[in-house]
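Q: One structure is given below, represented as structure tokens, and several questions about it will come after.
The values are calculated or read from the model by the stated rules, or taken from the named source; none is laboratory data. Computed from a predicted model, the values in this text were never measured in an experiment. When we count neighbours, we look across all protein chains shown, and the Cβ atoms used for this are built from the backbone with ideal geometry, even at glycine. For the accessible areas, the whole protein counts, side chains as well, though only heavy atoms, and no ligand, DNA or RNA atoms are used. Shrake-Rupley method; radii C 1.70, N 1.55, O 1.52, S 1.80 Å.
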Amino acid sequence: MEPTPLQKAEILMEALPYIKAFGGKRIVVKYGGHAMVDPQLKENFAKNIVLLKLIGVRPIVVHGGGPQIGRVLKRMGVESNFVEGMRVTDGETMDVVEMVLGGKVNAEIVSLINRHGGRAVGLSGKDDRLIQAEKMVMERPGAGERRPEIIDLGLVGQVTRVNTSLLKTLDDFIPVIAPVGVGSEGQSFNINADLVAGRVAAALGAEKLILLTDVIGVLDKEGHLLSSLTVDRVKELMADQTISGGMIPKVNCCLEALTGGVAKTHIIDGRQPHAVLLEVFTREGIGTEIVGDLK
């Protein structure tokens with residue numbers, strides 16, 4: 001049912017304190033999952049980001065693109081191998097990662113935001129050494145007294161530094177960042193987009209980090225949504241394996257961002273229309289917020 005004019009006015013009034021609170025503040029949004037695939041959700045996301053910018057918020061988008069990379073590799077006859085969710089990335093695969101993320105996916109997001117009235121600028125983490133990185137070393141614990149096994153993921157990287165000066169010069173624009181990092185010798189690294197978003201948010205001291213996912217948030221053992229968690233509570237839930245599997249890296253990303261000075265982090269369901277606006281501008285929010293521990 002269409003809201004009445006009065007109901008529309010009440011919705012706007014509910015958003016007013018949040019518009020005032022977040023004016024001029026940076027919000028980093030990791031864009032991924034189904035929200036990058038469904039045509040209507042893509043349109044909604046672009047409009048949400050444009051609206052944030054128009055009311056004075058400074059959004060920064062970091063996007064994924066794993067499924068798109070996988071499809072191109074499959075067409076090329078290249079098999080995709082994963083270790084604990086990380087794509088093993090040799091030189092040939094890295095070329096595809098850069099082509100798909102820095103070219104096709106990034107350009108599509110920028111174009112969509114601009115079509116709805118935004119001023120988006122597409123960036124690779126290699127631009128002006130925005131995302132500086134080094135090779136990620138993954139260890140698998142050995143059994144008994146055996147030494148840990150070192151797993152070579154190829155050109156998979158971890159962030160060592162974020163060049164915030166570049167992003168600060170783009171405050172009048174909407175930066176859209178492809179998660180490709182650059183090493184000390186100029187080599188390219190494939191980096192998990194959640195990790196890049198967390199490090200960007202921490203480096204900028206962002207007000208919020210929002211991770212769009214394909215789940216409703218962090219769940220308890222009975223499958224019920226946990227709407228708000230502190231750092232200590234998250235660690236307890238990880239210890240008893242309530243938080244497990246693919247949620248672990250997302251939660252770790254939030255913890256690292258909080259440690260770096262981000263005020264609040266959020267894991268939300270990007271399949272929900274206007275998910276970003278619902279999280280930022282309503283009292284209840286959606287998904288799970290993770291905040292620093294109360295003193």
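Q: When you scan the stretch 194-210, how many residues do you find that are open to solvent by less than 10 Å² (accessible area, probe 1.4 Å) and among the small types (Gly, Ala, Ser)?
A: So the count comes out to 4.
Q: Select from the stretch 73-103 the residues that are polar (S, T, N, Q) and outside any helix (DSSP H, G or I) and write down the one among them that is nearest to Leu155 (Cα to Cα).
A: Thr89
Q: Can you find even one residue in the stretch 93-107 that is more than 30 Å from Phe173 (Cα to Cα), touching a strand residue (DSSP E or B) at 6+ places or on another chain (Cβ under 9 Å) and at pLDDT below 95?
A: Within the stretch 93-107 (the criterion being more than 30 Å from Phe173 (Cα to Cα), touching a strand residue (DSSP E or B) at 6+ places or on another chain (Cβ under 9 Å) and at pLDDT below 95), the answer is yes, since at least one residue qualifies.
Q: Please work out if Arg119 is within 21 Å of the chain's Cα centre (by Cα), on the phi > 0 side of the Ramachandran plot and open to solvent by 60 Å² or more (accessible area, probe 1.4 Å). Talk me through it step by step, then tell me what you get.
A: On the way: within 21 Å of the chain's Cα centre (by Cα): yes; on the phi > 0 side of the Ramachandran plot: no; open to solvent by 60 Å² or more (accessible area, probe 1.4 Å): yes.
Judged against the criteria, Arg119 is not a match.
Q: Determine if the stretch 94-108 includes at least one residue that is of a type in the set (S, T, N, Q) and buried (at least 17 other Cβ atoms within 10 Å of the Cβ).
A: Yes, that holds for at least one residue.
Q: When Ile151 is evaluated against the numbered criteria (1) open to solvent by 10 Å² or more (accessible area, probe 1.4 Å); (2) on the phi < 0 side of the Ramachandran plot; (3) free of Cβ contacts under 8 Å to residues at least 60 places away in the same chain; (4) not basic (Lys, Arg), which criterion, by number, is the only one it fails?
A: Against the list (1) open to solvent by 10 Å² or more (accessible area, probe 1.4 Å); (2) on the phi < 0 side of the Ramachandran plot; (3) free of Cβ contacts under 8 Å to residues at least 60 places away in the same chain; (4) not basic (Lys, Arg), Ile151 comes up short only on (3).
Q: Determine whether Val88 is surrounded by 15 or more Cβ atoms within 10 Å (Cβ to Cβ), modelled with pLDDT of 90 or more and not hydroxyl-bearing (Ser, Thr, Tyr).
A: Working: surrounded by 15 or more Cβ atoms within 10 Å (Cβ to Cβ): yes; modelled with pLDDT of 90 or more: no; not hydroxyl-bearing (Ser, Thr, Tyr): yes.
For Val88, the condition - surrounded by 15 or more Cβ atoms within 10 Å (Cβ to Cβ), modelled with pLDDT of 90 or more and not hydroxyl-bearing (Ser, Thr, Tyr) - is not met.
Q: Something else now. Checking the structure you have, find out if any residue of the stretch 115-138 is β-branched (Val, Ile, Thr), closer than 14 Å to Val61 by Cα, in a helix (DSSP H, G or I) and at pLDDT 95 or above.
A: Within the stretch 115-138, not a single residue is β-branched (Val, Ile, Thr), closer than 14 Å to Val61 by Cα, in a helix (DSSP H, G or I) and at pLDDT 95 or above.
Q: State whether the residues of the stretch 56-72 include one that is over 20 Å from Val280 (Cα atoms), touching a Leu at 6+ places or on another chain (Cβ under 9 Å), open to solvent by less than 50 Å² (accessible area, probe 1.4 Å) and not in a loop (DSSP other than H, G, I, E, B).
A: yes
Q: Okay, next question. Consider the stretch 1-35. How many of its residues are more than 20 Å from Thr213 (Cα to Cα), in contact (Cβ under 8 Å) with a residue 60 or more places away in the chain and part of a helix (DSSP H, G or I)?
A: First pass over the stretch 1-35, keeping only residues more than 20 Å from Thr213 (Cα to Cα): 1-26.
Among the residues that remain, those that are also in contact (Cβ under 8 Å) with a residue 60 or more places away in the chain are: 14-15, 18-19, 22, 25-26.
From what is left, the residues that are part of a helix (DSSP H, G or I) are 14-15, 18-19, 22.
Of the residues in the stretch 1-35, 5 are more than 20 Å from Thr213 (Cα to Cα), in contact (Cβ under 8 Å) with a residue 60 or more places away in the chain and part of a helix (DSSP H, G or I).
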